[in-house]
Amino acid sequence: MITYITDNVKNPLKNKRTINAWIKCVANKYNKKIGEIAYIFCNDEKILEVNKQYLEHDYYTDIITFDYCEGNTLSGDIFISIDTVQSNANEYNVSFEEELHRIIIHGILHLCGQEDKTPETRAEMTKKENDALEMLHLDIA
């Protein structure tokens, strides 16, 4: 089950049913199934607090993914800073919705085992994000 929680921000999703189906399709592409996934949409202050408390990182970020996967079942808590998603959308000259979808699937790709610590794994992550976004656009069209 996929749940969406807001913490001091407005719910940014327009069509949860479409997003849920898309997430399940992407997971299936990697031979995974959806277990318990919680998206927590928050502001920069909350994500900084989570980053400091659980990861001992003192900086803002767009997403933090806590992986609780077992076998081929994806489970986790995914914190997304709406503030940073908006900043990134402005920086990359894309819509807020496009950037939000990229970050939503970024968390799923982490749960599927994709890393992004090196230039090579970052490039692979971006390609997989783009492939997943294309799946969503085909579904919406």
Task: Cross-link pairs beyond the 27 Å C-alpha cut-off, checked among K16/K128; K14/K127; K10/K127; K16/K52; K32/K52; K14/K128 - done: K10/K127; K16/K52; K32/K52
Task: the chain - convex hull of the alpha-carbon atoms, volume per residue in Å³ - done: 112
Task: Relative contact order, percent, segment 2-140 [alpha-carbon distance under 8 Å, six or more residues apart] - done: 23
TODO: For every helix of n ≥ 4 consecutive DSSP H residues, a contribution of -39,500 (n - 2.57) applies; sum these over the chain, divide by its total residues, and give [θ] at 222 nm rounded to the nearest 500 deg cm²/dmol.
DONE: -17500 deg cm²/dmol
Task: trypsin sites (Lys or Arg not before Pro) within segment 1-60: DSSP coil, no more than 12 neighbouring Cβ in 10 Å - done: K10, K14
TODO: Based on the mean of other Cβ atoms within 10 Å per residue, sort peptides 86-93, 38-45, 127-134 so the most packed one is first.
DONE: 38-45, 127-134, 86-93
TODO: Find how much the distance from T126 to E91 grows on full extension, using 0.36 nm per residue of separation minus their present alpha carbon separation; answer in nm with one decimal.
DONE: 11.0 nm
- [ ] May I ask for the net charge around F66, where only other residues with Cβ less than 12 Å from the Cβ of F66 are counted and Lys, Arg are +1 while Asp, Glu are -1?
- [x] -3
TODO: Determine the relative contact order of segment 42-84: mean sequence separation of Cα pairs under 8 Å and six or more apart, normalised by residue count, in whole percent.
DONE: 46
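Just so you know, all these numbers are worked out from the coordinates, no wet-lab data involved. Everything numeric in this text was worked out from a predicted model, so none of it was measured. Here Cβ is always computed from backbone atoms with ideal geometry, including for glycine, and neighbour counts include all displayed protein chains.
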